[in-house]
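The values are calculated or read from the model by the stated rules, or taken from the named source; none is laboratory data. Worth saying up front: this structure is predicted, and the values here are computed from it rather than measured. Note: ideal-geometry Cβ built from the backbone for every residue, glycine included; neighbour counts use all protein chains shown.
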Amino acid sequence: MLTKTTISAIIFDMDGLMFDTERLAIRAWQQAGKEHGFELPEPLILECVGRPVQSTQAHLETVLGPGFDFNTVRRRRVEIAEEVFARDGVPIKEGLYELLDLLNNQPIGKAVATSTERSRAESMLRRATVFDHFDVVVCGDEVEHGKPAPDIFLLAAERLGAEPTQCIVLEDSDPGIQAAAAAGMIPILVPDIRPPSTESLKIAFNTFENLNHVADYFGGIFQMENL
């Protein structure tokens with residue numbers, strides 16, 4: 001059972017967990033691929049959710065063949081997404097601000113651990129006005145091995161000065177849940193557009209429909225401790 005005294009930090013994934021960006025990413029990948037002569041079916045793109053860039057590149061090149069220019073298509077994919085963010089802002093997942101407000105009143109470290117490279121991650125966090133809510137931001141270009149390896153979560157815990165066993169990880173993807181478990185942390189699953197695997201459902205300490213439900217859960221824990 002979790003208690004306030006057994007939680008020293010909460011580590012957030014970003015895309016698909018904090019920001020509703022995966023649907024946009026699918027459309028952007030498909031548009032960018034089409035512009036360069038490739039069809040990218042939605043199931044193929046979903047297979048890359050939660051993976052670091054290198055793993056995504058290897059997977060797409062394997063499926064689409066050596067003629068697929070991953071770096072060129074990905075640059076265009078990023079441009080398309082950035083145009084949408086500049087016009088409409090970063091789409092926020094339900095309950096994010098409420099959860100952060102709740103945690104801001106607790107002596108708990110907060111980190112972001114995202115497979116996205118730092119330049120894009122910081123830009124998105126600042127546009128969403130949540131960058132300053134976090135003590136630490138760790139990005140995919142700062143670790144050698146991406147999710148499902150535990151490196152990014154272990155680095156986040158190290159920078160927070162927190163014991164891994166006292167860290168909660170909020171994740172939406174199978175690789176993220178696997179990485180949190182491999183780090184010896186407590187994985188909490190908030191699924192996004194790709195249904196979680198049976199393995200992830202077994203690994204997860206708990207599963208919630210959205211971040212509002214996560215906020216309610218932690219609010220109950222904190223309230224119990226104050227009685």
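Some points to look at:
- Whichever residue in the stretch 111-120 is buried (at least 22 other Cβ atoms within 10 Å of the Cβ) and either over 16 Å from the mean Cα position of the chain (by Cα) or of a type outside the set (S, T, Y) (or both) and, among such residues, is nearest to S8 (Cα to Cα): A111
- Matching residues, the stretch 107-124, being within 16 Å of G161 (Cβ to Cβ) and of a type outside the set (A, V, I, L, M): P107, G109, K110
- None of D135, D88 is in contact (Cβ under 8 Å) with a residue 24 or more places away in the chain and over 14 Å from the mean Cα position of the chain (by Cα) except D135.
- If you filter the stretch 76-92 down to residues that are under 18 Å from S119 (Cβ atoms) and among the β-branched types (V, I, T), you find that the one that is surrounded by the most Cβ atoms within 10 Å (Cβ to Cβ) is V90.
- Output for the stretch 143-152, where each listed residue is among the charged types (D, E, K, R) and under 12 Å from V53 (Cα atoms): E144, K147
- Within the stretch 165-178, the residues that satisfy the criterion of being assigned to a helix (DSSP H, G or I), crowded, with 21+ Cβ neighbours inside 10 Å and in contact with a Gly (Cβ under 8 Å, 6 or more places away or on another chain) are D174, P175, G176.
- Near pairs, Cβ below 6 angstrom, 6+ apart or cross-chain, from the stretch 25-49 (among the small types (G, A, S)) to any residue that is buried (at least 20 other Cβ atoms within 10 Å of the Cβ) and assigned to a loop (DSSP other than H, G, I, E, B): G33/L40
- In the stretch 156-179, residue farthest from A113 (Cα to Cα) [restricted to those that are in contact (Cβ under 8 Å) with a residue 40 or more places away in the chain and among the aliphatic types (A, V, I, L, M)]: A162
- Among the candidates G37, G50, residue that is of a type in the set (G, A, S) and in contact with a helix residue (DSSP H, G or I) (Cβ under 8 Å, 6 or more places away or on another chain): G50
- Checklist (1) out of contact with any Leu (no Cβ under 9 Å at 6 or more places or on another chain); (2) part of a loop (DSSP other than H, G, I, E, B); (3) outside the structural domain of F222 (by TED's automatic domain parsing); (4) surrounded by 15 or more Cβ atoms within 10 Å (Cβ to Cβ) applied to G67, failing item: (4)
- From the list V73, V49, the lone residue that is assigned to a loop (DSSP other than H, G, I, E, B) and surrounded by 16 or more Cβ atoms within 10 Å (Cβ to Cβ) is V49.
- Answer from T62, T56, T21 - the residue that is under 25 Å from I168 (Cα atoms) and polar (S, T, N, Q): T21
- Neighbours by Cβ (under 6 Å, 6+ apart or cross-chain): first from the stretch 184-195, assigned to a loop (DSSP other than H, G, I, E, B) and surrounded by fewer than 19 Cβ atoms within 10 Å (Cβ to Cβ); second modelled with pLDDT under 95 and of a type in the set (D, E, K, R): I193/E22
- Residue count, the stretch 59-113 (criterion: basic (K, R) and within 30 Å of Q223 (Cα to Cα)): 2
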